[in-house]
Structure formats: C-alpha cells, structure tokens
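Notes follow once the structure below has been shown.
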Amino acid sequence: MAKKRFESNISSGRDGITRRKFLHMAAGCTVAAGALRAPGQGSGPREDGIRFEEIAAKAGLHYVTANSPTPNKNQVEAMVGGVALFDYDQDGYLDIYLVGGAAIPSLKKESPVYWNRLFHNNHDGTFTDVTEKAGVAGAGYGMGVVVGDYDNDGWPDLFLANVTGNQLFHNNRDGTFTDVTAAAGVGGGDLYGKKMWSVGGGWFDYNNDGLLDLFVVNYCKWEVNKDPVCGMGDGIRDYCHPKYYAPLHNTLYRNNGDGTFTDVSEETGIAACFGKGMSVSFADYDGDGYLDAFVANDTTPNFLFHNLGGKKFEEVGQLAGVAYGGDGSALSGMGSDFRDINNDGLPDIWHTAVEYETFPLYQNSGGGRFDDVTARTGLASTARMSGWGNGIADFDNDGWKDLFVARSEVLDTISLHVPTRHFPEPNTVFRNLGNGRFEDVSATAGPDFQKEAPHRCVAFGDFDNDGRIDMVVSVLGGPAKLLHNISGGDNHWILLNLIGRKSNRMAIGAQIRIVTEDGRSQWNEVTTAVGYASSSDSRVHFGLGANRRIKEMEIRWPSGIKQVLQGVEVDRIMTIEEPLG
C-alpha cells in the first residue's frame, strides 16, 4: 500500500510560513515547519524485494549515446555517456541530462545526433526534450556532467567534462543556461602541450568558505587517430590497454566568489599525483570537518586525498588501504561512491573495476584506515563482472543501503586473462542483508536486469517523488534506460532537501544522522558526485523500514553548525534551511 506523501519546509524563521506551523528545537535555534503539499503522481505498484521497471520509451526519454566508433579504435569511443538527475527549473521534480560524443576526427558535434540533451520532467511520469530552448547542447567530444550551484543563487549549474574544452553553463533561472567557461577560467588544464582529457569531476567546498570548488578528473594523454594498434593477432584491431597511454594529474579549481575560479592544483598538492582518473567522490572520512577526495584510477593506484585544513592535500591511498585490490595490484578503477554503508557512522568506499578484479568495498575502520571487505561481504562474485557507473542507495527502504552497478565489458582484450570480444553485460543490484553481507538479487529485480547492453553511466534520484530511488542509465550506441523503482513494500522513508546559508547553498558536504523509533542509527550526506562521469540528486534519502517516526535527526552543516530535530514525521520530502546560530 502506498504511503502518504507530502512535503514540508523547515527554516530558521526567515521565510513566512502560513499554515500548519509547529516548532522544533534545533541546536539552540527555534525552527518552523509547514507548507505541506502533495509532491507527485505516477507512483507504480509496489512489489516485494528490490524491483524496477524500465520505462524510458513510455516516459518520452528518447536518447542514444552517440560515440562515433571508427576502425581506428580511438580510446574515447568506448568511454562516453555521462548522466545527471537534477532539478534545473526548481519546480520540485528531477530533470534528466545526458552527454554525447562528437564526430571523429573533428571532435565536433557536427550533427544534432551528438548533442547533449536536457529532458524536462512533466510531473506525470513523462519528459520533454528542452535542449534547444535551454541552450545546453554542448560542444566538442563530451564525457561527464557535474551538477552544483557554484554562485549560491539557489539554481543548479552544469559543468561538462570533455575530451576537448570543458564547459561551464550558468543557470539563468528562466529555463535557459549561458556558457560562462571563458569568463570563469575552467576550460581545462594543459599538459604535454595539450588540453588534458577530462572524464568527470565533482563540486565540493574544500576550504569551507561557503563556496563550491571544482575537482576535475583527467584520464590520459591521447590524440585523435593516433592510438596504438592493438588486437589478438587475428587481424582485427581492438581498443588498447591503458598502459599504452601516459597518465595525467587532476585539476582543482578554487571558487573566487565572483564567478571566476583559480587553478590551485599545484599549490594544494593535487597536481603532484599522476594517474588515470575515472571518478571522484567526497566524504570527511576522518571527521576533522574537511571533505576528502577519493579518485578511482584505471590500472594505476587509487588516490585518497586527505584534506589538511582546507589548504593542502596529502595523498594517503596506500597508507589508508584503498590504493590497491585485495591481491595488492592496481585495479581498473571506474565509478566510485563514498558513504557509510554499514550504519556505523564512518564513510566507506566502493568502486567498480573489470572482470577478474572484483569491485572492492573498503570499509572505514577508523583512525584513517580502511579494510578490504569485498570477500567477506559476499561481493567476490563481482570478479566475473565488468562495471562502469555505480552507486550506494537504499532501494527497498529497509534502512540498509544497497549497491547498483551499470555493467559492460571494457573492450580491453589485452588486460583480460581470457581474451574475449564479448561486450554487453546485464546490470546488477546487490541487496544489503543488514548482517554485513550482500546478495545479488538481479534475477528478481525486473526484466531489464536480464538484458545485456553496453551500459555506461548511471545517476540516482527519486524522479516521481514517491520515496523510492530511481535510476537513469546511459547505453553506448543504444537507448538510455529509465529504471523506475517499484520495490519497497510498506517501508517508510524520508527525503531531505538541505539549503545552506552560511554553508554553500546546496549544502554539499552536510552530514546527517538519524535515530529511528527502534533505536537504530543511519548516516548519509549531501553530494552529487556519484559513480562514473555522472551527477545524482543532491537530496538525501533514508529508508526507514517499519519506523513511522524519526526520534532524532542531527545535521552537521559544512560551516560547523549542528542542528538537531526531534520527532520528525516521515513519508515526505522535507526542506531544511541552515540556522545561522
């Protein structure tokens, strides 16, 4: 039976709230909640267990990720397809943005087939293509998309990580965007005399000044139609192993607060580390109040950049135990997520890789150390899989976060123990059993989980506001998928929309702890940097199981302010504004 759904707003009293006022005490401040409204329609029938229905065609989401494959096997061809779920027009519903490639060898979007596309959520389970009106078709050969409100005006902006020049689109608050790349100074760093190939990135406030800074992940040195000739010796050319390409360093841009950014990669220590970056995710793993950054690298050791008080970073991946796989070798790192997965209050790391390597789960054991618990948590079966985008979310609202991976072979025959040209794979979802182990439940997760495809990127969010986390998955050379979540039974939930005042407006980096009626605790945080080359909804989701009320909710804002709410109602979307006290 579907639960009651509504939205409420909690503020410090600055905004007038005219109906259903009630008071909570929060970190010494009085806050008010009210303005209830029904958030959405189109909720499908609930089914036991984790289950999704693929509804892209029915919803009007018609998009094919164009990558321009060529006989020369350019490395970029195999890696495109970023996805974002974000509310660009602030109407309370998530919209969809998908990234496309470009023609080869020009690396230009010579035809609309290569355009990036923005789909507006119509509030009835369907979407409309508004790309031309919004002005966000993009330019050059695209890879990833990064969502964040860099100017704190309450409207999310778009950064595009490209093989060619990167782009920053400012949200004009009227359904359109303006390309401000040149003025902002974020077109991309140069190395070896060329603009670095950017794959993705993330927004985070590394120095806690209330402004979002930009971390850009760069992959490897590459030039069009100059890839090495690789193959199995049968005369058929294949995509090459990453070892044939020189590594790059990542880029960190500090937000100057005036619409411009300064490249601080050198002075912060980020540029000292060379790898083949595929994704970045953020969390304060040691609890010192500053966000740290994990970078999953492809065939080079992963990086964990420990934030030293908002001034510099030290790379501690090997020391922390997250640089290598369980056998001590560097993995083919792809997508990553960095959040508490076992409800102990410490953020953990999970990233994807390729066949024969496993998707390692690094459990935060405190004291700056992580343990590789891949085998003992039941994830050893991932050695038979190749994964790209991924994420950690509670899909059945039982209070335990589950795992999803968008799967496909990487077209890398040289690195595999058994050479193969098998490309498509089905997606996989692992259910968290709540006892330290995960179970592959893909066989019962819906018909689409039985279908192979060259899946790439995935973004997570509740597009119909029914309290269940949905997904958009890109497919290389094929139609994108909209996986509507129809699982959860009668479990309860809450979705939190945090608004920073002293902190950055999007509240990225805020940490939330809840205590439910049964006395159990959960932790989650605000981020959009999830998986490979993609951005997920910044709203924070908690599944609550049978609990009908949250006894206590504590929010630790990036500014350092702590806010506590008591007796929070559930089955709703709740907006919470940061108090100034």
How big is the dipole moment of segment 442-531 about its Cα centre under a simple scheme where the beta carbon of each Lys and Arg is +1, that of each Asp and Glu is -1, and everything else is neutral? Debye, nearest 20, please. 500
Per 10 Å bin, what percent of the C-alpha pairs of segment 339-472 does each bin hold, from zero upward? 12, 42, 34, 11, 1
State log₁₀ I(q)/I(0) for segment 416-489 at q = 0.15, 0.16, 0.27, 0.28 Å⁻¹ as given by the Debye formula over alpha-carbon point scatterers of equal weight, solvent excluded. -0.63, -0.71, -1.33, -1.35
Please state, as a whole number in µm²/s, the translational diffusion coefficient that the Stokes-Einstein equation yields for segment 80-139 at 37 °C and 0.692 mPa s, with Rh defined as the Kirkwood radius across alpha carbon pairs. 269
A 31 angstrom limit on the alpha carbon distance is what I want to check against. Which of LYS58/LYS502; LYS311/LYS502; LYS108/LYS133 exceed it? LYS58/LYS502
Give me the tail of P(r) for segment 432-581 as a percent: Cα-Cα pairs with distance above 22 Å. 49
Can you return the lysines within cross-link range of LYS551? Criterion is Cα-Cα under 18 Å, with same-chain partners fewer than 8 residues away left out. LYS562
Using only the Cα atoms of segment 286-334, what are the Rg and Dmax in Å? 11.5, 34
Reachable aspartates and glutamates from LYS194, Cα under 12 Å, same-chain residues fewer than 8 places away excluded? GLU223
What ranking, highest mean first, results for peptides 540-546, 265-271 when packing means the other Cβ atoms within 10 Å averaged over each residue? 540-546, 265-271
Percent accessible area from carbon and sulfur atoms, the chain, protein chains only, probe 1.4 Å: 50
Looking at the chain only, what percent of DSSP beta bridges run antiparallel? Nearest 5 please. 90
Under the 7 Å Cα-to-Cβ spin-label approximation, GLU223 and THR444 lie apart by a distance in nanometres of 5.6
Histogram of C-alpha separations across the chain, 20 Å bin width, %: 23, 60, 17, 0
Taking 2.2 N^0.38 Å as the expected size of a compact globular protein, what ratio does the Cα radius of gyration of segment 316-356 give against it, to two decimals? 1.25
Pseudo-spin-label distance TYR324 to GLU110, built 7 Å along Cα→Cβ, given in nm, is 4.6
Relative contact order for the chain using alpha-carbon pairs under 8 Å, separation at least 6, rounded to a whole percent? 17
Report the Cα-based extents of segment 212-313 along its three principal axes, largest first, to the nearest Å. 55, 31, 19
If the reach is capped at under 13 angstrom between alpha carbons, list the aspartates and glutamates near LYS451, excluding any in the same chain fewer than eight residues apart. GLU53, GLU54, GLU425
Of all the C-alpha pairs in segment 113-247, what % are more than 21 Å from each other? 52
Give the separation of the Cα centroids, segment 275-330 to segment 488-553, in Å. 24
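The values are calculated or read from the model by the stated rules, or taken from the named source; none is laboratory data. Please read all numbers here as calculations on a predicted model, not as lab measurements. So basically every Cβ, Gly included, is an ideal-geometry build from the backbone, and we count neighbours across all protein chains shown. The area values use the complete protein model at the heavy-atom level, side chains included, leaving out ligands, DNA and RNA. Shrake-Rupley method; radii C 1.70, N 1.55, O 1.52, S 1.80 Å.
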